[in-house]
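Reviewing the structure listed below.
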Amino acid sequence: MLSSIDPNAGRKPGVFLGVKLMKIRLLAALLFLSCHIAVAQGENLAVNENGKLIYYEVVKLEGITSDLLRNRLDAYLKKQKTLKVKSAVGDSAILANGKFVINKTLLVMSHPSGEVLYSFNAEVKEGKYRFWLSDFGFVPYQRDRYGNFVAATAKATPLEENPGKLNEGQWKEYRTQTAKYVQDFAAKLKQYMANEKPVEIPAPEKKVVSKSW
C-alpha cells in the first residue's frame, strides 16, 4: 500500500502558522494597494492657481490648419446636447457651459442624486489645440410632487469646498464620478478632433471686375 505523505510533516506548528500569516498579510497588502491605486486614478483632477479643480490638455495635430480644427470643434459641440456655447472669441477660442448627472446606486437600484455644472474652454492654433474643463459645481436633486428628480437649489456648491465630515465620503464619490466623466469626455473629444473627416470650408466668392482686362 502506498502511504500518503503529508507535505507539512516534520514542520513545527509555529513555523507553519507563521508562513500562513505571512501569506495573509501579503494578500491584504496587495488588496490595499490595488484599492489605493483605484482611488488615485479616480481622483486625478488637478488644481489651478486659483485653487479650483481643472482638467487641462494640449493636443498636437500636425498638418491640420486652425480653420479645420475650429470647424471640427464647432461640429462636435453641436452634437453635445448637454453643452451650450456661451461665447466665442474670433476664430480661435470658444467657451461653453455643460452639465452631467451624478447617480447614486443602492444595491440594484440607481437614481440621480444631483448634477455637476462645469465650464468648457478651447482654443485652436495651427497644428494644435488646447481645452480645459473647470468651475465644477454640484447641485443636489429632490423629487417634485410628480415624482420627478429636479434641482433642489439654483446655486451650485463648488466641488473644491469641504462639505464637512458628515458628507465627506459622499463628496469624495462626487469628485470621483466627475473625474471619470471628464476622462471620458476628453477621450471622445480627442478622437473626434483627430479622426473626423474635414468639413469643407466654402471658398470665398470670386468677383468679376469688367472694367479692367
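In a fully extended conformation the segment linking Lys172 and Glu126 would gain 12.7 nm over its present Cα-Cα distance, using 0.36 nm per residue. Distance between the 7 Å Cα→Cβ label points at Lys155 and Ser119: 1.8 nm.
What FRET efficiency would be calculated for the residue pair Arg145, Lys104, taking the C-beta separation as r and a Förster radius of 22 Å, to the nearest 0.05? My answer for the efficiency is 0.55. With R₀ fixed at 22 Å, the C-beta to C-beta distance from Glu49 to Leu95 puts the FRET efficiency at about 0.70. Computed packing ranks the peptides 48-59, 167-178 as 167-178, 48-59, most packed first, by mean other Cβ atoms within 10 Å.
Bear in mind that the values in this text are calculations on the coordinates, not laboratory data. Everything numeric here is computed off the predicted structure, so don't read it as measured data. All Cβ positions, glycine included, derive from the backbone under ideal geometry; neighbour counts span all protein chains shown.
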